[in-house]
Every structure is written in C-alpha cells, then in structure tokens.
Amino acid sequence: MGKHLLMYLLGLSFVVGFLQALTCWDCDMLNSDGICKTGYSTCKAKDDQECCKLVVSTGDKILYWMQDCSSMCLNKTFTHYRLTLNFTCSHDQSLCNEF
C-alpha cells in the first residue's frame with residue numbers, strides 16, 4: 001500500500017509542476033546598457049501568453065529593448081531603413097525572455 005501511495009504522490013508532483021504558470025521578465029524599457037528604466041518586475045503568463053522580448057537596434061547598436069508577457073508575440077524581425085525590430089517569443093521555461 002505504501003508503495004502505491006508513494007507512486008501516486010510522485011505522479012501528482014509531476015502534474016503540479018507542469019501546471020505552474022510561466023514566469024517572464026517584465027520591463028517596459030531597458031536602455032542600451034541593459035538597465036531597466038521603467039517597470040522592472042516579473043509577470044505570470046496567462047493561458048494564451050508567452051514570454052516576449054523586443055529588441056530595437058540600428059546597425060549593431062541596440063537602442064533599447066522590452067520584456068513582457070504577451071499573447072500577440074511574433075518570432076519575427078522587421079527592418080525599416082536602418083531601424084530593426086526583433087521580436088522573440090519563448091514558452092519553454094520560466095524567465096526565458098532574459099536578455
């Protein structure tokens with residue numbers, strides 16, 4: 001009986017681990033030195049959200065970036081003249097949108 005209870009509790013701990021919310025870094029604006037200027041915290045992604053990171057750069061120089069939980073995240077890079085917007089989404093592990 002004790003062996004079955006142990007297996008049940010072990011299985012339950014795995015299920016609870018998978019059901020935990022995804023935690024993402026949340027910063028409204030980081031400067032080019034990587035310092036969060038406004039809104040530094042973490043956010044818990046809802047069912048339809050992922051961790052998102054947006055990096056805005058010109059050439060090789062990063063102007064600023066943002067991190068948050070988002071339901072409208074794209075894994076795409078857009079370039080307009082010399083300005084580049086690089087959107088990155090992740091959902092494989094907590095804090096996966098770290099820069």
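The values are calculated or read from the model by the stated rules, or taken from the named source; none is laboratory data. Quantities reported herein were computed from a predicted structural model and do not represent experimental measurements. Because the Cβ atoms are built from the backbone with ideal geometry, glycine has one as well, and the counts that use them run over all protein chains shown.
Out of the residues in the stretch 25-35 that are among the aliphatic types (A, V, I, L, M) and in a strand (DSSP E or B), which is surrounded by the fewest Cβ atoms within 10 Å (Cβ to Cβ)?
We begin by selecting, within the stretch 25-35, every residue among the aliphatic types (A, V, I, L, M); these are 29-30, 35.
Checking which are in a strand (DSSP E or B) leaves us with 29-30.
Numbers: MET29: 15, LEU30: 22.
Here the answer is MET29.
Where in the stretch 36-99 are there strands (runs of 3 or more DSSP E), lying wholly inside it, with at least 1 residues that are of a type in the set (Ser, Thr, Tyr) and farther than 18 Å from THR23 by Cα? Before you say what the answer is, go through the steps one by one.
On the way: elements: 36-38, 41-44, 50-58, 61-70, 77-80, 83-90.
In the stretch 36-99, 36-38, 50-58, 61-70, 77-80, 83-90 are the strands (runs of 3 or more DSSP E) which contain 1 or more residues that are of a type in the set (Ser, Thr, Tyr) and farther than 18 Å from THR23 by Cα.
Please state which of the following conditions PHE99 fails to meet, knowing it meets all the rest: (1) free of Cβ contacts under 8 Å to residues at least 60 places away in the same chain; (2) within 18 Å of ASP33 (Cβ to Cβ).
Exception for PHE99: condition (1).
In the stretch 28-58, which residues are at pLDDT 85 or above and among the polar types (S, T, N, Q)?
SER41, THR42, GLN49, SER57, THR58, listed by residue number.
List every residue pair whose Cβ atoms lie under 8 Å apart, where the two residues are 6 or more positions apart in sequence or sit on different chains, the first residue falls within the stretch 65-92 and is without any contact (Cβ under 8 Å) to a residue 12 or more places away in the chain, and the second residue, located anywhere, is among the β-branched types (Val, Ile, Thr).
THR77/THR84; PHE78/THR84
Can you spot a residue in the stretch 53-66 that is surrounded by fewer than 15 Cβ atoms within 10 Å (Cβ to Cβ) and polar (S, T, N, Q)?
Within the stretch 53-66, one or more residues are surrounded by fewer than 15 Cβ atoms within 10 Å (Cβ to Cβ) and polar (S, T, N, Q).
Since LEU22 meets every condition but one in (1) surrounded by 15 or more Cβ atoms within 10 Å (Cβ to Cβ); (2) of a type outside the set (Ser, Thr, Tyr); (3) touching a strand residue (DSSP E or B) at 6+ places or on another chain (Cβ under 6 Å), which condition does it not meet?
Condition (3) is where LEU22 drops out.
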